[in-house]
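Here is the structure we will look at, set down as structure tokens.
The values are calculated or read from the model by the stated rules, or taken from the named source; none is laboratory data. Given the structure is predicted, the values throughout are model-derived calculations rather than measurements. Here the Cβ positions follow ideal geometry from the backbone for every residue, glycine too, while neighbour counts run over all protein chains shown. Accessible surface is based on the protein model in full, side chains and every heavy atom, while ligands, DNA and RNA are left aside. Shrake-Rupley method; radii C 1.70, N 1.55, O 1.52, S 1.80 Å.
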Amino acid sequence: MAKRRAVEGGSSSVFSMFDQTQIQEFKEAFTVIDQNRDGIIDKEDLRDTFAAMGRLNVKNEEIDAMMKEASGPINFTVFLTMFGEKLKGADPEDVITGAFKVLDPEGKGTIKKQFLEELLTTQCDRFSQEEIRNMWAAFPPDVGGNVDYKNICYVITHGDAKDQE
């Protein structure tokens, strides 16, 4: 019981690290990952999430390592705390690039346009067709259908050079 109170006692500070919009976005992400909707992210939820992203052969060691980052069962408060700890002092560009790198296991620095578009129109805060058109106008894929996500991350965090003229 004392451990539970300690976790809950520390939770108010984690909620103050983020504004309501950010908390809602984390809640949506948590819900996407919590595949069985039991309020706890477990190994099977992670495996199912990877499968939904097209990664079918995730090693048990990789999933175990992810689970060990938490001090116990991963409910929403623990999930938010983990992100708070990761984001503390982190460069936003590094954080955003890191999120894209999860989708780029070969480390090419690009993601297939079709895959990114599917994610953006079917997961969490879904993009409208107009938002997708605007994104491809701002960040056109190369002839092979690849999108340079490092450029996207740079523009998100630093602004476009054209905007500053």
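Which value, in Å², gives the accessible area per residue of the chain when a 1.4 Å probe is used on the protein heavy atoms?
67
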Cα-projected label distance for residue 65 with residue 101, points at 7 Å along beta-carbon direction, nm: 1.2
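Relative contact order for the chain: what percent, with Cα pairs under 8 Å and sequence separation of 6 or more?
On the way: 110 pairs, mean separation 33.5, N = 165.
Across the chain, relative contact order equals 20 percent.
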Expressed in µm² per second, the diffusion coefficient of segment 18-87 from the Stokes-Einstein equation, with Rh the Kirkwood radius over alpha carbon pairs, at 20 °C and 1.002 mPa s, is 170
Heavy-atom accessible surface of segment 21-165: percent carbon and sulfur, 1.4 Å: 52
Rounded to the angstrom and largest first, Cα extents along the principal axes for segment 51-165 equal 48, 33, 26
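Work through the residues other than residue 31 whose Cβ is under 14 Å from its Cβ and net out their charges, Lys, Arg +1 and Asp, Glu -1.
Numbers: positive: 27, 37, 126; negative: 25, 28, 34, 38, 45, 48, 125.
In short, -4.
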Using a Cα-Cα cut-off of under 15 Å, which aspartates and glutamates could be cross-linked to residue 43, ignoring same-chain neighbours fewer than 8 residues away? 34, 61, 62, 64, 69
With all protein chains present, calculate the accessible area of residue 15 using a 1.4 Å probe and round the result to the nearest 10 Å². 70
Scattering curve values for segment 93-160, log₁₀ I(q)/I(0), Debye with Cα scatterers, q = 0.12, 0.13, 0.14, 0.15 Å⁻¹: -0.29, -0.34, -0.40, -0.46
Expressed as a whole-number percentage, the relative contact order of segment 100-165 with C-alpha contacts under 8 angstrom and at least six residues apart is 36
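Find out how many positive minus negative residues lie around residue 62, taking Lys and Arg as positive, Asp and Glu as negative, among other residues whose Cβ is under 13 Å from that of residue 62. Please list the in-between numbers first.
Working: positive: 43, 47, 55, 59, 68; negative: 61, 64, 69.
Within the 13 Å Cβ shell, the charges total +2.
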